[in-house]
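As structure tokens, the structure follows; a few thoughts come after it.
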Amino acid sequence: MKKTTTLMLGLLALTFGGALSVQPAAAKTKVKEPTEKKAFTAQERATIKGYRQQVKGISNSTKGMYVQKPSLKKSFNPGKLSQKYINATVKSVNFYRQMYGLNAIEANPQWNEDAQYGAATLAAANKGLAHELAGIKRPSYVSKTAWNRGVDATGYSNLGEGVVKPYDNVLNYLVDSGAADYIPGHREWLLGNTIEIGVGQAGSYNDLKVFEGGAKCRAFDPQAGLAKEVAYPKAGVFPINAVEDGTWSLSYSVGTGEEATKPNVKVTDNTTHKQVKVTHVTNYNSETGYGWFKTSISYQPAPSKVKVNHAYTVKISGLGNHADVHYQTKLFNLRK
């Protein structure tokens, strides 16, 4: 958060008598932020209570996370995650998917094994993140066979570093903060047209396998239709914890094949009745995009203006291949 400095200036006023007098400026009063009770209706508070109860039932612990701990120095063994840790990751993804009425996903046992090789080879090298381990040198004690399994896995996965707890990893992918004009592909894989994931964690490296290439890919079934539209944050109540410092987005698919144009995006804080500055408006079009969305629109409301217990109206127009979007979202603190 940027540090701001407020300067107080005295007001120089000219009286009717012609003499100059200095009058102090009226002291600025701090705007009182709305309470949760005031910001939300009784029905909305009931929904929020339900979300909090659900998330409390999701483990975010690393205790007993391994059935077999990885060996990452001198000798290599990818290790194996406990079913408890894998289940917590799946539950975390499904917690957010059910907010949108999406199908629940499950862990694919083979993908879990693949993802564990991805995470473990990244951790053994400990040189940061790279899909297909591009540019990373294989440690001598990691066999070529094991390394190649890591190469393959990391090419089909969301990759993360620095987070170990299962729910926190999922939240990190959903927030999907990054550089300017960053397309929220990690988010879209988790909220897209998918049915399964693979979970890998070694040290501080995470590999979440989200698709597989060629005929083996079960994530995208053309017979089941296109990925369902996802506005992020969604209409209605939504956890501020999942949008703070991240991009907002609109992801959808259309059957016409028309590409979206760069839209006009307006975000208004309905609590303060002020427009929020929006930057980094980006449109990305692909026949086989992240999460199998064909169009991805992303934008960045000023982070300092994204506040808990505030309501925001989002207006997205001029898409070219989609009707204008207009909805309200209300942000609450999930961890209460």
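When peptides 197-210, 121-134 are ranked by their average number of other Cβ atoms within 10 Å per residue, the highest-first order is 197-210, 121-134. Counted over the chain, the DSSP beta bridges are approximately 90% antiparallel. Model label sites at Lys56 and Leu226, defined 7 Å from Cα along the beta-carbon direction, differ in position by 4.1 nm. Let me see the pair-distance distribution of segment 122-176: every alpha carbon pair, 5 Å bin width, integer percents in order. Each 5 Å bin holds this share of Cα pairs: 4, 18, 27, 21, 16, 9, 4, 0. Overall size of the chain from C-alpha positions, given as principal axis extents largest first: 92, 49, 41 Å.
The residues Ser304, Ser140, sorted by heavy-atom accessible surface at 1.4 Å with ligands and nucleic acids left out, run Ser140, Ser304 from largest to smallest.
When Val170, Val278 are compared by accessible surface with a 1.4 Å probe, the order from highest to lowest is Val278, Val170. Surface composition of the chain: carbon and sulfur make up 52 percent of the accessible area, probe 1.4 Å. Per-residue surface analysis assigns Lys266 an accessible area of about 90 Å², computed on protein heavy atoms at 1.4 Å probe radius.
The mean accessible area for residues of segment 30-138, using a 1.4 Å probe and ignoring ligands and nucleic acids, is 58 Å² per residue. Label-to-label distance, Thr47 versus Ser71, with points set 7 angstrom from Cα along the beta-carbon direction: 5.2 nm. Of the residues Glu44, Glu33, Glu188, the one with the largest accessible area comes first in the ranking Glu33, Glu44, Glu188, computed with a 1.4 Å probe on protein heavy atoms. When shorter helices are ignored and each DSSP H run of at least 4 residues is given -39500 (n - 2.57), the per-residue value for the chain at 222 nm works out to -7500 deg cm²/dmol.
The ratio of the alpha-carbon radius of gyration of segment 237-314 to the globular-protein estimate 2.2 N^0.38 Å is 1.21. Excluding ligands, DNA and RNA, the accessible surface per residue across segment 243-286 is 53 Å² with a 1.4 Å probe.
Sequence-distant contacts, meaning Cα pairs under 8 Å at least 6 residues apart, place the relative contact order of the chain at 16 percent.
Taking the Cβ-Cβ separation of Glu132 and Gln275 as r and a Förster radius of 41 Å, what is the calculated FRET efficiency to the nearest 0.05? So, using R0 = 41 Å, E works out to roughly 0.45.
Against the chain, whose longest principal axis comes from its Cα atoms, helix 144-154 is set at around 30 degrees.
The values are calculated or read from the model by the stated rules, or taken from the named source; none is laboratory data. All of these numbers come straight from a predicted model, not from anything done at the bench. Cβ sites come from the backbone with ideal geometry, for glycine too, and all protein chains shown count toward neighbours. When the accessible area is computed, the model is the full protein with side chains, heavy atoms only, and any ligands, DNA or RNA have been set aside. Shrake-Rupley method; radii C 1.70, N 1.55, O 1.52, S 1.80 Å.
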